[in-house]
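Chemist: One structure coming up, written as structure tokens, with questions to follow.
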Amino acid sequence: MISDAPFASPDSEPTIRVQDKTLLGFRRSIDNIDAALIHILAERFRITKAVGEYKARTDLPPADPKREEEQITRLRQLAAESDLDPEFGEKFLRFVIDEVIRHHETARQSE
Ligand SMILES: C=C(O[C@@H]1C=C(C(=O)O)C=C[C@H]1O)C(=O)O
């Protein structure tokens, strides 16, 4: 629950105060990180769009399972070294790669 009230009423869960300075400080950092993630993802999709167009022009298949496996292995390793759950790292990358392949299939159909 989010509230302006300084105290939680006794029978409810603790409330999050919108002026909580500590929480606001954390959230400013989260806001910057989320913005960076969006910019990084946008750049990645900008380049994979070019890859999709190139593959469609040159009759290459949309997906490259060997390359995906190499990337996933590499990024699982990086995740482990950075204290990020490698399972989560793989799931996230798989989600992104599947979307890229879908775009490549569309590019191929419209070629
Ligand atoms: C971007 C490519 O196309 C696909 C998408 C990949 C990705 O998003 O990392 C990797 C391999 C391919 O299945 C590529 O072949 O490099």
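FYI, it's all coordinate maths here, none of it is from the lab. Keep in mind the model is a prediction, meaning the values are calculated, not measured. All Cβ positions, glycine included, derive from the backbone under ideal geometry; neighbour counts span all protein chains shown.
Chemist: Of the conditions (1) surrounded by 12 or more Cβ atoms within 10 Å (Cβ to Cβ); (2) of a type outside the set (Asp, Glu); (3) within 13 Å of the ligand (Cβ to nearest atom), residue 89 satisfies every one except a single condition; which number is it?
Modeler: Result: residue 89 passes all but (3).
Chemist: All but one of (1) exposed (fewer than 12 other Cβ atoms within 10 Å of the Cβ); (2) more than 11 Å from the ligand (Cβ to nearest atom) hold for residue 84, so report the exception by its number.
Modeler: Residue 84 satisfies all of (1) exposed (fewer than 12 other Cβ atoms within 10 Å of the Cβ); (2) more than 11 Å from the ligand (Cβ to nearest atom) except (1).
Chemist: So which helices (runs of 4 or more DSSP H) stay within the chain end to end and still have 1 or more residues that are touching a His at 6+ places or on another chain (Cβ under 6 Å)?
Modeler: Values: elements: 21-58, 65-81, 86-109.
Ranges flagged: 21-58.
Chemist: If you scan the stretch 44-65, which residues turn out to be loosely packed, with under 10 Cβ neighbours inside 10 Å and charged (D, E, K, R)?
Modeler: 46, 59
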